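S.K.: Let me begin by handing over the structure; questions about it come next.
The values are calculated or read from the model by the stated rules, or taken from the named source; none is laboratory data. This one's a predicted model, so the numbers in the text were calculated from it and none came from an experiment. Because the Cβ atoms are built from the backbone with ideal geometry, glycine has one as well, and the counts that use them run over all protein chains shown. Note: areas computed on protein heavy atoms with side chains; ligands, DNA, RNA excluded. Shrake-Rupley method; radii C 1.70, N 1.55, O 1.52, S 1.80 Å.
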Amino acid sequence: MSQTVEMHIIARIHSDFPTKFGIPRQSGLADVPARIVFEPEYRNADALRGIEGFSHLWLIWQFSAAVRDGWSPTVRPPKLGGNKRIGVFATRSPFRPNEIGLSSVRLDRVEPNTPDGPVLHISGADLMDGTPIFDIKPYLAYTDSHPEALGGFALTTDAVRVECPAGLLEKLPQERRQTLLNVLAQDPRPGYQHEAGRVYGFPFAGFEVKFTVEGDLLTVRQIESR
C-alpha cells in the first residue's frame, strides 16, 4: 500500500550558483560559501540553541530542479560516462523516488540577528541557490565518519589543472577567487561531455565563467559580469 508523508520546508540555501551546472558534485569538495535562511515560521533562535558547538552539519534537502512524475529503478551516472545503468539506490542521482539530497557542510558561524532572522553561514555546499531544506542535523565524527568505507564505482574524484589569467581572475571579488579555482579543479563538465575545443560556461557569483578543457588542463577563457 502506497503511503505518503508531509514534509515542511524549514529553510532555503543562498549560494553563488543560480543553475545546476558548475555546482560541486559532492559536498565538501570545494569551499563554496552559502547561507541558510529559515522560512518565517522557523525563524526561532531557540531552534538553533547549541548549534555553534558543532563544526559540521548534515543538510537534508530537495533536488527541486529534478522533480518529476514517476521513477526509474536504474539511472546512468555521469561518473560512468552516462552509458552504463546502475541501480538508483547505488547512486546519488537526483532522479529518485523521493528527490531527497544529503550534504555534509562546515558551519562557519551563526548570525543570530538579521532582518531574515537567525542565519547559518556554511561552506562546502553543493546546493543550487534557492534549494529547499527539510532538516538540519549535527555531524558527529565519532559515528558519521568511516575512513574504511568502500567507494564502489565512485571511488575517485575527477580533477584537472586550472589555468586562469590573472586579469580575468581579478574581475571576481577577492573572497570568491579561490573558491572558483577549487570548483573548476573538480572539472564541472558532465562525465559524458568531454568534447575537445568545446567552450563550457556557467554563472557564478553574478559572473559568467567560460572555459575549455584539453586533456587534464582546464583553461578559463572569460569571466564577465552578468
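S.K.: For I36, are the conditions met, namely being among the β-branched types (V, I, T), assigned to a loop (DSSP other than H, G, I, E, B), modelled with pLDDT of 95 or more and farther than 26 Å from A154 by Cα?
M.R.: Working: among the β-branched types (V, I, T): yes; assigned to a loop (DSSP other than H, G, I, E, B): no; modelled with pLDDT of 95 or more: yes; farther than 26 Å from A154 by Cα: yes.
Taking the combined requirement at face value, the residue does not satisfy it.
Results for (1) among the polar types (S, T, N, Q); (2) open to solvent by 70 Å² or more (accessible area, probe 1.4 Å); (3) more than 27 Å from Y142 (Cβ to Cβ); (4) out of contact with any Asp or Glu (no Cβ under 7 Å at 6 or more places or on another chain), shown as yes or no for each residue.
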position: G28; (1), (2), (3), (4): no, no, no, yes
position: D31; (1), (2), (3), (4): no, no, no, yes
position: Y42; (1), (2), (3), (4): no, yes, yes, yes
position: S64; (1), (2), (3), (4): yes, no, yes, yes
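S.K.: Among the residues of segment 112-137, write down those that are out of contact with any Asp or Glu (no Cβ under 8 Å at 6 or more places or on another chain) and either open to solvent by 60 Å² or more (accessible area, probe 1.4 Å) or among the β-branched types (V, I, T) (or both).
M.R.: Selection gives P112, N113, T114, P115, D116, T131, I133, I136, K137.
S.K.: Could you grab the pairs with beta carbons closer than 6 Å, sequence gap of 6+ or different chains, first residue in segment 3-25 and aromatic (F, W, Y), second one in a loop (DSSP other than H, G, I, E, B)?
M.R.: That search, which allows pairs on different chains as well, returns F17/I23; F17/M128; F17/D129.
Here is a yes/no grid of residues against (1) touching a strand residue (DSSP E or B) at 6+ places or on another chain (Cβ under 7 Å); (2) under 18 Å from S103 (Cβ atoms); (3) aliphatic (A, V, I, L, M):
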position: D31; (1), (2), (3): yes, yes, no
position: R43; (1), (2), (3): no, no, no
position: I51; (1), (2), (3): yes, yes, yes
position: L57; (1), (2), (3): yes, yes, yes
position: Q62; (1), (2), (3): yes, yes, no
position: A65; (1), (2), (3): no, yes, yes
position: W71; (1), (2), (3): no, no, no
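S.K.: Same structure again: Suppose we keep only residues that are in a loop (DSSP other than H, G, I, E, B) and in contact (Cβ under 8 Å) with a residue 24 or more places away in the chain within segment 170-183. Which one would you say is farthest from G28 (Cα to Cα)?
M.R.: Restricting attention to segment 170-183, the residues satisfying the condition of being in a loop (DSSP other than H, G, I, E, B) are 170-173.
When the remaining residues are screened for being in contact (Cβ under 8 Å) with a residue 24 or more places away in the chain, the result is 171-173.
On the way: K171: 25, L172: 22, P173: 21 Å.
The extreme case among them is K171.
The rows are residues; the columns are (1) open to solvent by 40 Å² or more (accessible area, probe 1.4 Å); (2) without any contact (Cβ under 8 Å) to a residue 24 or more places away in the chain.
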| residue | (1), (2) |
| --- | --- |
| G50 | no, yes |
| G53 | yes, yes |
| W58 | yes, no |
| R96 | yes, no |
| L102 | yes, no |
| V105 | no, no |
